[in-house]
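Here's the structure, in structure tokens; my notes come after.
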Amino acid sequence: MKINILANFIGRFWSILSNFLFIPLYIHYLGFESYSVISFTLMIAGIMAVLDSGLTATLSREFARKDNNKADKIKIYKNLETIYFLIVGVCILTIFLSSSLIANKWLTIKAYSPDQISFFLKIISFEIGFQLLFRFYMGGMLGLEKQVEGNIFQIGWGIFRNGLVVVAIIYFPTLDVFFTWQTISTIVFTFFTKIFLDKIIFRKYTLNFNFKIEKEIILKIWKFASGMLLIAIVSAFNTQMDKLAISKLLSIENLGFYTLAVSLSQGLIILVNPIATALLPRFTAHFSANENYEAKNLFVKTSVVVSVLVFSIMMVLSFFAKNLIWVWTGNLELATKTFMLVPIVALAYTMFALQLLPYNIAIANGYTRLNNILGITSLLVTIPGYFLATKYYGAIGAAAVFCFVQIITTFIYLFFINKKFIKINIIKDIYWKQLILPFVTAGVVAFLFSKIPIPAYNNRIFSLVWIGIVTFGTLAFTLAMLIPIRIIKGWVNFK
């Protein structure tokens, strides 16, 4: 388990490092308006993720179940893969055929004509489709607890897709080159990942496309998969509606500013995902074998540590947002226009991150009803809320609605998942220890650090070193204050 978590941390650390290394280079060589177009394509990818239909989570869960033998897993894999290829085709055709409509009716961009935007969307239609397929194969590897290997593919894909594209745009600084490079990289790594997953399953290297759909397999998985599909639909609305509202009502540059704040804050999800990803197969194994006590202990052992981690990082992001964005991009104007968004967006993603462990407990039990109830209910707030708040208050209004919904959802979600599966004291062990104490403690420590007068604060390298010291100090002090020694020892001996 420790090896899987470490491998996931390395993979997610690469994701964080990629943002810090490459986004400023994209802005430098392509221009900020081009980066704003890239932000728009990321939003489209987020919306199209709904087509996953819950099949990736279904494959991961079925591979992790102890009550499925090898023959069952192979059948499920081939059936889901067949359906997934159909989904990828639908994704590509949807974006490709609607590209002109989107370019002409939705966006207003000075630097590019509608025909150019339509051409970019046609290119990325293939990239987005194969991204879905890549993540499907990754889900299979994670379900089989091949997380070291999975992260090797993830990092390799990131290097080729997000890193080496910089070399291309240095010599050919155009968006068509940028999108074409990313598309080819994703397609190549998708097939490499499939070959490796087939080697694990079939014990030989192959590129097996034995498509089939069997009624009994569909009947076995449809309930969980359909629940995950509804979660995906609702999630797409809830996580992309803010960007849709901004791209429709405000200038494309505002979407770029908002996306910078989101990219910075998503590091909180990236920090928690390695733990959550490594624990999902273990939770699934425990619950499928009726080992509920072991599952509860596993949750208790990890949840407070996760809370301390995300609240500490969130507070540093909030109090040092302007300097961090300036250090990151080297552009003081961007930092000035973006930093006010960061505390709101970071708190929203902190709440989202705290839902990941209980969410995995729900998924391990095949329980999707609560997610769907909360998600559909939240749409009553987000659909009108995003557009009204953006219209009257700009991007900050959209961020505030997103943050409000995530806070309320987190408190409700933790209450019901605890009541159904975990069954510990909700006030003392969850609300107090996982939410209030880490929030207050990390907030006080980061605030005190922010009041220390630092000379030469206009030096980017010095500022980066100081923010690193602040991050380490906030995390270390909060851990020392809130985490008992026995839990720390338990993590050291965690297998």
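The values are calculated or read from the model by the stated rules, or taken from the named source; none is laboratory data. All values reported here derive from a predicted model rather than from experimental measurement. All Cβ positions, even for glycine, are placed from backbone atoms using ideal geometry, and neighbour counts span all protein chains on display.
In this structure, is residue 134 under 21 Å from the mean Cα position of the chain (by Cα) and aromatic (Phe, Trp, Tyr)?
Details: under 21 Å from the mean Cα position of the chain (by Cα): yes; aromatic (Phe, Trp, Tyr): yes.
Criteria met by residue 134.
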Among 72, 115, the single one that is without any contact (Cβ under 8 Å) to a residue 24 or more places away in the chain, in a helix (DSSP H, G or I) and closer than 30 Å to residue 253 by Cβ is 115
(1) surrounded by fewer than 20 Cβ atoms within 10 Å (Cβ to Cβ); (2) over 24 Å from residue 81 (Cβ atoms): which one isn't true of residue 165, the others all being true? (1)
Would you please name the residue that is farthest from residue 358 (Cα to Cα), looking only at residues in the range 413-442 that are among the aliphatic types (A, V, I, L, M) and surrounded by 15 or more Cβ atoms within 10 Å (Cβ to Cβ)? 442
Within the range 166-175, count every residue that is free of Cβ contacts under 8 Å to residues at least 60 places away in the same chain and part of a helix (DSSP H, G or I). 3
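Considering 465, 401, 445, 470, which residue is surrounded by 18 or more Cβ atoms within 10 Å (Cβ to Cβ), more than 17 Å from residue 315 (Cβ to Cβ) and either not small (Gly, Ala, Ser) or not assigned by TED's automatic domain parsing to the domain that holds residue 346 (or both)?
Working: 465 fails: surrounded by 18 or more Cβ atoms within 10 Å (Cβ to Cβ); 445 fails: more than 17 Å from residue 315 (Cβ to Cβ); 470 fails: more than 17 Å from residue 315 (Cβ to Cβ).
The unique qualifying residue is 401.
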Being assigned by TED's automatic domain parsing to the domain that holds residue 161, part of a helix (DSSP H, G or I) and either modelled with pLDDT of 75 or more or closer than 28 Å to residue 241 by Cα (or both) is the requirement here; does residue 16 meet it? yes
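Of the residues 94, 186, which single one is under 20 Å from the mean Cα position of the chain (by Cα) and β-branched (Val, Ile, Thr)? Even if it seems obvious, please write down each step before you answer.
Values: 94 fails: under 20 Å from the mean Cα position of the chain (by Cα).
Matching residue, one of 94, 186: 186.
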Which residues, counting only those in the range 91-122, are among the aromatic types (Phe, Trp, Tyr) and under 19 Å from residue 180 (Cβ atoms)? 96, 112, 119, 120
Pick from the range 316-350, criterion small (Gly, Ala, Ser) and part of a helix (DSSP H, G or I), ranking: nearest to residue 263 (Cα to Cα): 346
Residue check for residue 454: surrounded by fewer than 19 Cβ atoms within 10 Å (Cβ to Cβ) and closer than 30 Å to residue 293 by Cβ: no
State yes or no: is residue 104 among the polar types (S, T, N, Q), closer than 23 Å to residue 62 by Cβ and either outside any helix (DSSP H, G or I) or in contact with a helix residue (DSSP H, G or I) (Cβ under 6 Å, 6 or more places away or on another chain) (or both)? no
If the requirement is being modelled with pLDDT of 90 or more and in the same structural domain as residue 26 (by TED's automatic domain parsing), which of these qualifies: 130, 153, 85, 136? 130
Matching residues in the range 272-292 - criterion: being under 23 Å from residue 342 (Cβ atoms) and either surrounded by fewer than 21 Cβ atoms within 10 Å (Cβ to Cβ) or charged (D, E, K, R) (or both): 273
I need every pair where a residue in the range 412-435 that is assigned by TED's automatic domain parsing to the domain that holds residue 299 has its Cβ under 8 Å from the Cβ of a residue that is in a loop (DSSP other than H, G, I, E, B), sequence separation at least 6 or different chains. 413/355; 414/355; 418/424; 420/367; 421/365; 421/367; 430/424
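Return the only residue of 193, 180, 186 being part of a helix (DSSP H, G or I), in the same structural domain as residue 74 (by TED's automatic domain parsing) and more than 30 Å from residue 112 (Cα to Cα). Break it down into steps so the answer makes sense when it comes.
Working: 180 fails: more than 30 Å from residue 112 (Cα to Cα); 186 fails: more than 30 Å from residue 112 (Cα to Cα).
Every option except 193 fails the conditions.
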